[in-house]
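Working notes for the structure below.
Laboratory data are not the source of any read-out in this text; all were calculated from the coordinates shown. All figures in this text were calculated on a predicted structure; none of them were measured in a lab.
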Amino acid sequence: MYDFREGNETAFKHFMKQHLNALTFHAYKICRNKEVAEEIVADTFSKLWLRKDNFKSEINIKSFLYITTRNACLDYVQSVKHKQNSLSIELDESLVMQDTDPLTNLIHAEVIKSLVEEINKLPQRQGDVFRMFYLDGLTTDEICSHLNITPNAVFLAKNKAVATIRKVFSDKDIFIYLILLKLLFPK
């Protein structure tokens with residue numbers, strides 16, 4: 001923490017590496033736009049760097065990252081809603097995560113972080129298919145065209161990846177959180 005507050009870029013990169021994937025996923029689930037989510041997260045890390053001397057602990061940094069990201073995403077969603085309302089188009093209200101407390105967001109982010117770590121351990125094809133299907137929201141046909149594979153290969157890779165991740169998380173006693181994620185973000 002001392003190095004971070006003193007402006008050490010290596011310490012800053014440590015926090016970026018630790019939180020980037022989960023934070024981006026958190027942002028994407030709110031604003032449903034990958035590019036916007038990445039931009040919001042980059043802006044959040046920029047704000048963190050500018051305020052680096054204000055943080056006393058890692059939990060303060062983590063809270064700042066998730067609250068700032070959530071607020072920026074909600075601002076984005078509200079601006080989209082305002083634009084669409086002016087055109088008399090109804091915005092899907094499911095885009096806005098309402099009444100979620102910071103602790104729930106932190107738990108959710110930790111589960112996502114663990115999930116991303118396990119996805120990165122999968123064989124290349126399984127990891128790619130899992131990411132494209134569950135995180136990027138691509139259809140089987142889109143995955144087939146991106147990876148130049150058959151729908152059957154997508155199905156097999158997805159099922160093997162899910163089985164592996166299910167096993168890992170059941171061994172870690174957080175399988176219940178995966179079920180929760182499945183309920184919150186069905187595919």
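If you take the alpha carbon atoms of the stretch 1-54 and fit the smallest convex hull around them, that volume is 70 Å³ per residue. 3J(HN,Hα) couplings calculated from phi for the stretch 135-147 with the Karplus curve 6.51 cos²θ - 1.76 cosθ + 1.60 (θ = phi - 60°) are, in sequence order, 9, 8, x, 7, 7, 4, 4, 5, 5, 4, 6, 5, 9 Hz; Gly and Pro show x.
When the chain is fully extended, how far beyond the present Cα-Cα distance does residue 57 get from residue 1, taking 0.36 nm per residue of separation? Numbers along the way, then the final one.
Details: separation 56, 0.36 × 56 = 20.16 nm, distance 0.66 nm.
So the extension gain works out to 19.5 nm.
Extension gain, residue 139-residue 46: 0.36 nm per intervening residue step, less the Cα-Cα distance, totals 30.1 nm.
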